[in-house]
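The structure appears right after this line, and notes come after that.
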Amino acid sequence: YSEKIENLFTPYANCDDLIALFSAKFDQNTENKDFLKRVTKNLKQQECIDNELYFEGVKRLNELEPAFETAIDLSNYYFLKRKWKKALFTLNKALIKYEEELDETQILQVELDIANISRLSGRYKEAIDVVDQILEKHPNSSEAYLLKGNIYISGASSCGNNFEQKTVYWVAVDAFRKALSNEDTKDRASKNINTYSKYFPTKETCFFEGVEPGKSHTVECWINKTTRVRTSD
């Protein structure tokens, strides 16, 4: 009757209750795929994935019965724990292994996740390269443009002096503007444009740097993009 009691109990259990329930049985069921599926499913439904039991369940299930969804769950756990290298490795491996059985939407999401994790781990050039590859296949992907702008924002401080860092916001806003055309990203893009336009260099700074508002300017560093000079005032 153990499983029947589980079924009655789990819909009303909180995270601590579920961990206590399944932890007591876990060591005796590491070869039991049905049990591992119940553990991971119930913990996931309760948004209770930031714990060792969930990790061990997903990891073991992925060993016994490899599947795209399980690999994504494992990557999400690594993401939550800020283990960027492991998250990237798991995502890339899943994309290579399961690409033929995925639809375009699933592939696009995995590629966006790969670019975003690269951003978070400080691999800005790699992240931009992935986004550019996405845009070659999906030139109208507003999520890709939004992410591209965020990659520039994240990596701005790695580019030269104070003026050079502020010029990165020009190319970031350029990317955000391309995300305005889609209703799903319009509000986020507009908010980012309003926020980061305030970080543009001032007219005075541009004057002393020898650049003129409205003229073209190449932002170098790892970016190498030509954009238009704008000021915050």
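Could you pull out the pairs from LYS41/LYS86; LYS148/LYS191; LYS44/LYS81; LYS125/LYS148 whose alpha carbons sit more than 19 Å apart here?
LYS41/LYS86
Computed from the coordinates I sent, Cα Rg over 2.2 N^0.38 Å equals one of (i) 1.31; (ii) 1.21; (iii) 0.96. Tell me the label.
The value matching this structure is (i).
Taking 35 Å as R0, compute the FRET efficiency from the Cβ-Cβ separation of LYS25 and GLU136 and round it to 0.05.
Efficiency at R0 = 35 Å is approximately 0.10.
For the pair GLU99/LYS83, report the inter-label distance in nm, with labels modelled 7 Å from Cα in the Cβ direction.
Roughly 2.6 nm, to one decimal.
Given 37 °C and 0.692 mPa s, how large is the Stokes-Einstein diffusion coefficient of the stretch 1-133 in µm²/s, with Rh as the Kirkwood radius over Cα pairs?
For the chosen part, D equals 206 µm²/s.
Ignoring any ligand, DNA or RNA, what whole percent of the accessible area of the chain comes from carbon and sulfur when the probe is 1.4 angstrom?
47
Could you work out the longest stretch of the chain that avoids the GluC sites (Glu not before Pro) located in DSSP loops with at most 14 other Cβ atoms within 10 Å?
Result for the longest clean stretch: 48-219.
Starting from the 7 Å offset along Cα-to-Cβ, what nm value, one decimal, do you get for the label separation of ASN14 and SER158?
The answer from the label model is 4.2 nm.
Between TYR199 and ASP187, 0.36 nm times their residue separation minus their Cα-Cα distance comes to what?
2.4 nm
Is the shape of the stretch 166-213 best called rounded, prolate or oblate, per the rule: a/c under 1.5 gives rounded, else a/b larger than b/c gives prolate, else oblate, with a ≥ b ≥ c the square roots of the Cα gyration tensor eigenvalues?
prolate
Can you give the FRET efficiency to the nearest 0.05 for ASN51 and ARG177, using r as the Cβ-Cβ distance and R₀ = 45 Å?
0.60
Just to be sure I follow the definition: excluding the sites themselves, where is the longest run in the chain that has none of the trypsin sites (Lys or Arg not before Pro) in a DSSP loop with at most 13 other Cβ atoms within 10 Å?
Between exposed loop sites, the widest span is 83-214.
Which shape class, rounded, prolate or oblate, goes with the stretch 57-165 when its Cα gyration tensor gives a ≥ b ≥ c as root eigenvalues, a/c under 1.5 marks rounded, and past that a/b bigger than b/c marks prolate?
Since a/c reaches 1.5 but b/c is at least a/b, the shape of the stretch 57-165 is classed as oblate.
Pull out the extension gain between LYS37 and ALA67, defined as 0.36 nm times the separation in residues minus the alpha carbon to alpha carbon distance; nm, one decimal.
Net length gain for the segment: 9.6 nm.
Might you tell me the accessible area per residue for the chain, computed with a 1.4 Å probe and given in Å²?
It amounts to 58 Å² per residue over the chain.
Classify the stretch 106-233: rounded, prolate or oblate, from the alpha-carbon gyration tensor (a ≥ b ≥ c, eigenvalue square roots; a/c under 1.5 rounded; otherwise prolate if a/b is larger than b/c)?
Taking the square roots of the gyration eigenvalues as a ≥ b ≥ c, the stretch 106-233 is prolate.
Before rounding to the nearest 500, sum -39500 (n - 2.57) across all DSSP H runs of length at least 4 in the chain and divide by the residue total; then give [θ] at 222 nm in deg cm²/dmol.
-21000 deg cm²/dmol
The values are calculated or read from the model by the stated rules, or taken from the named source; none is laboratory data. Everything quoted here is computed from the prediction, not taken from an experiment. We place every Cβ from the backbone using ideal geometry, glycine too, and count neighbours over all the protein chains shown. Only protein heavy atoms, including side chains, enter the accessible area calculation; ligands, DNA and RNA are left aside. Shrake-Rupley method; radii C 1.70, N 1.55, O 1.52, S 1.80 Å.
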